[in-house]
1. Please give the FRET efficiency for residue 27 paired with residue 52, using the beta carbon to beta carbon distance and R0 = 30 Å, rounded to the nearest 0.05.
2. Hey, with R₀ at 35 Å, roughly what FRET efficiency would residue 163 and residue 119 work out to, going by the Cβ-Cβ distance, to 0.05?
3. Taking the mean number of other Cβ atoms within 10 Å as a proxy for protection, how do you rank 128-141, 100-113, 67-80 from highest to lowest?
4. Ranked highest first by the average count of other Cβ atoms within 10 Å around their residues, in what order do 43-52, 57-66 fall?
5. What residues of the range 78-100 lie in the reach of a label at residue 15, counting those whose backbone N is under 18 Å from a point 7 Å from the Cα along Cα→Cβ?
6. Provide 161, 22 in ascending order of the number of other Cβ atoms located within 10 Å of each residue's Cβ, fewest first.
7. Suppose R0 equals 41 Å. What FRET efficiency, 1/(1 + (r/R0)^6) with r the Cβ-Cβ distance, do residue 149 and residue 88 give to the nearest 0.05?
8. What distance in nm lies between label points placed 7 Å from Cα along the C-beta direction at residue 3 and residue 102?
């Protein structure tokens with residue numbers, strides 16, 4: 001039986017004191033879903049400003065994953081969802097609390113959201129369940145969701161975060177995101193180690209499977225006695 005919990009983090013269009021969350025039917029303050037005292041250091045319920053400064057808001061998906069008590073994981077993905085009355089960008093997000101070995105399922109109820117929020121919820125679900133070819137942002141989120149438990153990770157590297165995260169992707173020259181160079185080096189190092197182990201295993205097998213040398217046949221010696 002699935003232990004996954006999924007909540008929408010709703011855009012704070014009124015810039016109220018409480019950020020609201022919804023399971024698609026009922027709405028309540030986010031603090032009742034995610035206790036602020038337990039909130040991981042570095043957790044963001046929106047898209048970091050440094051990404052908004054570098055990319056078109058419509059393409060950004062920002063995701064995070066954290067270890068969570070009880071061998072669980074906290075996983076979130078956020079996207080810009082328009083602006084409020086003052087022109088500030090607001091965000092819609094999905095927050096998952098995942099059980100051991102669980103992966104996020106993105107087809108989440110959203111009928112109980114406002115008409116405006118439903119529009120952005122449908123767009124987020126569509127990108128995650130039927131991504132367009134070449135949508136690296138959606139790909140990076142899906143890869144993050146498939147990762148095994150570990151230390152805090154983001155889908156795209158942040159330079160101005162107060163918390164040090166591992167990251168799957170980074171900002172490449174000229175702006176587009178690309179696979180993190182650190183990840184590539186780690187993957188190549190892992191492959192090199194596996195190749196070395198395989199070569200050593202083959203050598204040991206070859207040595208152990210060599211036939212033992214047979215002892216030389218001893219020739220019989222005849223002694224002739226002359227009378």
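We did not get these values from a lab; they are worked out from the coordinates using the rules stated. For clarity, every value in this text was computed on a predicted model and none was experimentally measured. Neighbour counts run over all protein chains shown; Cβ positions are idealised from the backbone, glycine included.
1. For residue 27 and residue 52, the calculated efficiency is 0.70.
2. Values: r = 32 Å, r/R0 = 0.91.
The formula returns an efficiency of 0.65 here.
3. Details: 128-141: 16.6, 100-113: 14.8, 67-80: 19.1.
Highest-to-lowest ranking by the protection proxy: 67-80, 128-141, 100-113.
4. 57-66, 43-52
5. The answer is 81-92.
6. Fewest-to-most Cβ neighbours within 10 Å comes out as 161, 22.
7. Values: r = 35 Å, r/R0 = 0.86.
About 0.70, to the nearest 0.05.
8. Result: 0.8 nm between the two label points.
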